[in-house]
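Undergrad: The structure's right below; bear with me while I get my questions together.
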Amino acid sequence: MKLFPKLVFAAASFALSLTTIDAKSVSATLVNYDFTVDSPLNTGKGFFSFDDSTFSNDNLSEAIVKSLSFQFDGDSTIYTEQDDLNYPDFPIVFSTAYLTENTSSVGLDYTFDNKANPSSSISYEIVGEDFTAFSRTSPNSELISGKVSYTKVPEPTTLGGIIFACGLGYILKKKDSIDGKS
């Protein structure tokens, strides 16, 4: 009979933590993604965020990127959303659910010049899972191509709820082992 009140307490605490997480998730519409570029010429890592409540309701859902930061490996130059050649209308994030049948998939549309070497005629383009380096002076000439991968960054409240639930379970387990010894 000693175990029943502890189970009720643990279940109530866990349910309360999930309720708090859901309430915050509904009001927080900013979604964060990490992305990685991998090509024979360049590799790099980046981060972007967007407000998913601003997705358009047409066949190809898209939203303006709120914040973006990208850096090629071994280069100190940081590219931001303001470096997009069509800023402020771009960069955009778009749903790729129509391609993958997965409702949580997104792709980035981001085109930027080489800031590390401004005299260079090289520009870069990320469209979905494709990365391209091309020459602005020779239209239709693709110098190099590569792949882009995306990872959704969990919200801090989700991680907090998981840590809380695991910590509570650990405390109750320790308490049970201490109570069982006496």
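Undergrad: Would you please name the residue that is least open to solvent (accessible area, probe 1.4 Å), looking only at residues in region 78-99 that are modelled with pLDDT of 95 or more and polar (S, T, N, Q)?
TA: Checking each candidate, the answer is THR80.
Undergrad: So ILE126 fits all but one of (1) open to solvent by 50 Å² or more (accessible area, probe 1.4 Å); (2) modelled with pLDDT of 90 or more; what number is the exception?
TA: Going through the list (1) open to solvent by 50 Å² or more (accessible area, probe 1.4 Å); (2) modelled with pLDDT of 90 or more, ILE126 breaks only (1).
Undergrad: Only residues that are within 19 Å of ALA97 (Cβ to Cβ) and either open to solvent by 30 Å² or more (accessible area, probe 1.4 Å) or of a type in the set (Phe, Trp, Tyr) (or both): list them for region 28-50, please.
TA: THR29, ASN32, TYR33, PHE35, PHE48, PHE50
Results for (1) part of a helix (DSSP H, G or I); (2) under 17 Å from the mean Cα position of the chain (by Cα), shown as yes or no for each residue.
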position: LEU60; (1), (2): no, no
position: VAL65; (1), (2): no, yes
position: SER69; (1), (2): no, yes
position: SER76; (1), (2): no, no
position: GLN82; (1), (2): yes, no
position: ASN86; (1), (2): no, no
position: ASP89; (1), (2): no, no
position: PHE94; (1), (2): no, yes
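Rundown of residues vs (1) within 23 Å of THR36 (Cα to Cα); (2) of a type in the set (Val, Ile, Thr); (3) surrounded by 13 or more Cβ atoms within 10 Å (Cβ to Cβ); (4) at pLDDT 90 or above, yes/no style:
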| position | (1), (2), (3), (4) |
| --- | --- |
| LEU108 | yes, no, yes, yes |
| VAL148 | yes, yes, yes, yes |
| THR157 | no, yes, yes, no |
| ALA165 | no, no, yes, no |
| GLY169 | no, no, yes, no |
| ILE178 | no, yes, no, no |
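Undergrad: PHE131 - would you say it is at pLDDT 65 or above and aromatic (Phe, Trp, Tyr)? If you could, list the steps in order and put the result at the bottom.
TA: On the way: at pLDDT 65 or above: yes; aromatic (Phe, Trp, Tyr): yes.
Yes; evaluated as a whole, the condition is true for this residue.
The values are calculated or read from the model by the stated rules, or taken from the named source; none is laboratory data. Just so it is clear, the structure is predicted and the values come from calculations on it, not from any experiment. Here Cβ is always computed from backbone atoms with ideal geometry, including for glycine, and neighbour counts include all displayed protein chains. Quick note on the areas: whole protein, heavy atoms, side chains included, nothing else; ligands and nucleic acids left out. Shrake-Rupley method; radii C 1.70, N 1.55, O 1.52, S 1.80 Å.
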